[in-house]
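The values are calculated or read from the model by the stated rules, or taken from the named source; none is laboratory data. Worth saying up front: this structure is predicted, and the values here are computed from it rather than measured. In this analysis, Cβ positions are derived from the backbone assuming ideal geometry, glycine residues included, and neighbour counts consider all displayed protein chains.
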Amino acid sequence: MDNRQLFLYLAWLVAVVATLGSLYFSEIRGFVPCELCWYQRILMYPLAVILGIATFQNELTVKKYVLPLSIIGWFISLYHYLLQNVPGFAEIKPCANGVPCSGQYIDLLGFITIPFLALTAFTLIILFMLLIKKPKNNQ
């Protein structure tokens, strides 16, 4: 297995862990996802499937599909994290109904929240996709 295959596999593994983690929080712990959580899920769940297929087919060109989803998800996660942790952000766009996006179900070590976990997952997927480079021709 070369490094490119390893990076593809690791990106898939991150997407699967993030997907299972979000399902754990909602289905087992009973946390109701807010609007921004749903947007992050909409972008993360397909990555688990797309990267899984690409990993087993060794399709390294998948990054052209994965990067846009991951980058959009990264910005949504960053905004969500700032909404929770920066005073003044909550007044910009409060959620219309249901669970407020500024609420925190978990707060580990004073900074690890669910949007932080999503931000970390999207960051790792983006990093792994950027590390997949075309092989150099030895001519």
Tell me, which helices (runs of 4 or more DSSP H) lie completely within region 1-118 with 2 or more residues that are at pLDDT 85 or above, polar (S, T, N, Q) and out of contact with any helix residue (DSSP H, G or I) (no Cβ under 7 Å at 6 or more places or on another chain)? 3-23
Sort through A11, A54, A15 and tell me the only one that's over 15 Å from the mean Cα position of the chain (by Cα), touching a residue at least 40 places away in the same chain (Cβ under 8 Å) and surrounded by 18 or more Cβ atoms within 10 Å (Cβ to Cβ). A54
Within region 119-139, restricting to residues that are within 27 Å of V49 (Cα to Cα) and outside any helix (DSSP H, G or I), the one that is modelled with the lowest pLDDT is P135
